[in-house]
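Novice: This is the structure I have questions about; it appears just below.
The values are calculated or read from the model by the stated rules, or taken from the named source; none is laboratory data. All of these numbers come straight from a predicted model, not from anything done at the bench. Here the Cβ positions follow ideal geometry from the backbone for every residue, glycine too, while neighbour counts run over all protein chains shown. For the accessible areas, the whole protein counts, side chains as well, though only heavy atoms, and no ligand, DNA or RNA atoms are used. Shrake-Rupley method; radii C 1.70, N 1.55, O 1.52, S 1.80 Å.
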Amino acid sequence: MVRLVDIASAVGVHPSTVSRVLNGEVGHSLRPETVERILAEARARGYRPNALARALRHHRTGALTFVVPMLRNPIWVRLQRGALLRAAERGYVVMIMEEPMEDPKPPGAYSYLVTESRADGLLLATSLRGGRDAGGANPDEALSAVPHVFVNRRGPDAGNDVVMDEAAAVRLFLDHVAGLGHRSVLLIDGRPEVDTVYRRAAATRRHCAALGLTAVISHADATEAGGFAAIRRLLATGPLPTAIGVGSIEQVFGVLAALRDARVAVPGAVSLVSLDDDESLAYLDVPVTSVRMPLAELGAAAVDALIARIDGTGGSDVLIGEPMSLISRGSVGPPPAEPGT
């Protein structure tokens, strides 16, 4: 283990001087060349500061906790990567915790990580919460005393949200299919109490009304089985709308399987757009058109917003809208011709 006294002896200064330099407390009393010699000697010896001692001195752990609802969904990989890279740039590490989908906890259940000095703040993408417009929960008292931001979700109180522009993503989908002549639209998405789902459904209703389109919203589990069951249930009641938007990649796989089983051709009978994007969609039997969202940018912005709250300088919501684009593949075409035309 490298000791401060060894670095001090090599450079010819007092150990307290080395300590000040390595802790960034240089001031104006030290000559720049002395500071550089101390830093060079520390690097050469492989010196690493004692994280626990530094945390006690600065009242910081240097760690953030990121609570995510479902690690198998590939969108979280991009989002987490953006958060991890930005955190490293800012001198933080990130701990990942998975929120149980089958028995979710309220966001305040994680506040102990900050109050017990295990992390400096919380990045919350928990599955259990409702959008404020959807009649979500009251502000969580357990979170009021700890730095936190909601990521890809809106929290129960304003000022701590970092989200993407879901309405813009829906508009990309609807404008694309309407431009090809589709007049009826189906949105298959997750549970309505999940904030992203609520905002996509609300945007679908608004924009379909503005375009004169018929809209059907179907909520199902955000899984392959959920997408499969949604299509089977709708097919039992009559013909499907000719344009289908799907909220998650897992649901896309289930939707495609159900359409294949029912011999509904894509894109001959119905067109399909995923509101999640992943490279795997390009390698399916029918390559699926998708909306590519600014996930890495969302993760980076969430870390910046959380550190601002830790430093006591933040407090406003953040909406990430760019870069966002529709990736055209093979699953979208004109609506089928009406009988007799």
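Novice: I need a count of the residues in region 3-12 that are open to solvent by 40 Å² or more (accessible area, probe 1.4 Å) and of a type outside the set (Lys, Arg).
Specialist: Of the residues in region 3-12, the ones open to solvent by 40 Å² or more (accessible area, probe 1.4 Å) are 3-6, 9-10, 12.
Imposing the further condition that a residue be of a type outside the set (Lys, Arg) reduces the set to 4-6, 9-10, 12.
The qualifying residues number 6.
Novice: Mind listing whichever residues of region 65-108 are more than 27 Å from Val291 (Cβ to Cβ) and of a type in the set (A, V, I, L, M, F, W, C)?
Specialist: The answer is Ala88, Val93, Met95, Met97.
Novice: Among the residues of region 95-136, write down those that are at pLDDT below 85, of a type in the set (A, V, I, L, M, F, W, C), outside any helix (DSSP H, G or I) and surrounded by 16 or more Cβ atoms within 10 Å (Cβ to Cβ).
Specialist: Going residue by residue through region 95-136, those that are at pLDDT below 85 are 99-106, 117, 126-136.
Next, from what is left, pick out any that are of a type in the set (A, V, I, L, M, F, W, C): 101, 128, 134.
With outside any helix (DSSP H, G or I) added as a condition, the list becomes 101, 128.
Of everything in region 95-136, just one residue is at pLDDT below 85, of a type in the set (A, V, I, L, M, F, W, C), outside any helix (DSSP H, G or I) and surrounded by 16 or more Cβ atoms within 10 Å (Cβ to Cβ), namely Leu128.
Novice: Quick one: in region 275-296, which of the residues that are assigned to a loop (DSSP other than H, G, I, E, B) and in contact with a Ser or Thr (Cβ under 8 Å, 6 or more places away or on another chain) is surrounded by the fewest Cβ atoms within 10 Å (Cβ to Cβ)? Talk me through it step by step, then tell me what you get.
Specialist: Kept after step one, since they are assigned to a loop (DSSP other than H, G, I, E, B), are these residues of region 275-296: 275-278, 284-288, 293-294.
From the residues that got through so far, the ones that are in contact with a Ser or Thr (Cβ under 8 Å, 6 or more places away or on another chain) too are 275-278, 286-288.
Working: Leu275: 25, Asp276: 23, Asp277: 23, Asp278: 18, Val286: 16, Pro287: 14, Val288: 28.
My answer is Pro287.
Novice: Which of the residues spanning region 297-337 are among the polar types (S, T, N, Q), modelled with pLDDT of 95 or more and open to solvent by 70 Å² or more (accessible area, probe 1.4 Å)? Outline the logic, then answer.
Specialist: First, pick out the residues of region 297-337 that are among the polar types (S, T, N, Q): 313, 316, 325, 328, 331.
Then drop every residue that is not modelled with pLDDT of 95 or more, which leaves 325, 328, 331.
Hit for region 297-337 is Ser328, nothing else.
Novice: Return yes when Leu298 is touching a Gly at 6+ places or on another chain (Cβ under 9 Å) and of a type outside the set (S, T, N, Q) and no when it is not. Spell out how you get there, then give the answer.
Specialist: Working: touching a Gly at 6+ places or on another chain (Cβ under 9 Å): yes; of a type outside the set (S, T, N, Q): yes.
Against the criterion (touching a Gly at 6+ places or on another chain (Cβ under 9 Å) and of a type outside the set (S, T, N, Q)), Leu298 qualifies.
Novice: Restricting the search to region 151-186, which residues are acidic (Asp, Glu), open to solvent by 30 Å² or more (accessible area, probe 1.4 Å) and assigned to a helix (DSSP H, G or I)?
Specialist: Step one: filter region 151-186 for residues acidic (Asp, Glu), giving 157, 161, 165-166, 175.
Narrowing further to those that are open to solvent by 30 Å² or more (accessible area, probe 1.4 Å): 157, 165, 175.
Matches in region 151-186: Asp175 only.
Novice: Looking at the structure I just gave you, is Ser325 over 15 Å from Val162 (Cβ atoms) and either in contact with a Gly (Cβ under 6 Å, 6 or more places away or on another chain) or polar (S, T, N, Q) (or both)?
Specialist: On the way: over 15 Å from Val162 (Cβ atoms): yes; either in contact with a Gly (Cβ under 6 Å, 6 or more places away or on another chain) or polar (S, T, N, Q) (or both): yes.
Criteria met by Ser325.
Novice: Any residue at all in region 41-58 that is assigned to a helix (DSSP H, G or I), modelled with pLDDT of 75 or more, open to solvent by less than 30 Å² (accessible area, probe 1.4 Å) and in contact with a Pro (Cβ under 6 Å, 6 or more places away or on another chain)? Spell out how you get there, then give the answer.
Specialist: Initially, region 41-58 is screened for residues assigned to a helix (DSSP H, G or I), giving 41-44, 51-58.
Narrowing further to those that are modelled with pLDDT of 75 or more: 41-44.
Now narrow it down to the ones that are open to solvent by less than 30 Å² (accessible area, probe 1.4 Å): 42.
If we keep only those that are in contact with a Pro (Cβ under 6 Å, 6 or more places away or on another chain) as well, we get none.
For region 41-58, residues assigned to a helix (DSSP H, G or I), modelled with pLDDT of 75 or more, open to solvent by less than 30 Å² (accessible area, probe 1.4 Å) and in contact with a Pro (Cβ under 6 Å, 6 or more places away or on another chain): absent.
Novice: Please tell me if Arg81 is open to solvent by 40 Å² or more (accessible area, probe 1.4 Å), at pLDDT 85 or above and in contact with a helix residue (DSSP H, G or I) (Cβ under 7 Å, 6 or more places away or on another chain).
Specialist: Details: open to solvent by 40 Å² or more (accessible area, probe 1.4 Å): yes; at pLDDT 85 or above: yes; in contact with a helix residue (DSSP H, G or I) (Cβ under 7 Å, 6 or more places away or on another chain): yes.
When the stated conditions are applied, Arg81 passes them.
Novice: Sticking with this one: Look through Val163, Val170 and report the one residue that is modelled with pLDDT of 90 or more and over 17 Å from Glu193 (Cα atoms).
Specialist: Numbers: Val163 fails: over 17 Å from Glu193 (Cα atoms).
One residue alone meets the criteria, Val170.
Novice: Which residues, taken from region 176-205, are without any contact (Cβ under 8 Å) to a residue 24 or more places away in the chain and within 27 Å of Val151 (Cβ to Cβ)?
Specialist: Let us first name the residues in region 176-205 that are without any contact (Cβ under 8 Å) to a residue 24 or more places away in the chain, namely 179, 201, 205.
Residues satisfying the conditions are Ala201, Arg205.
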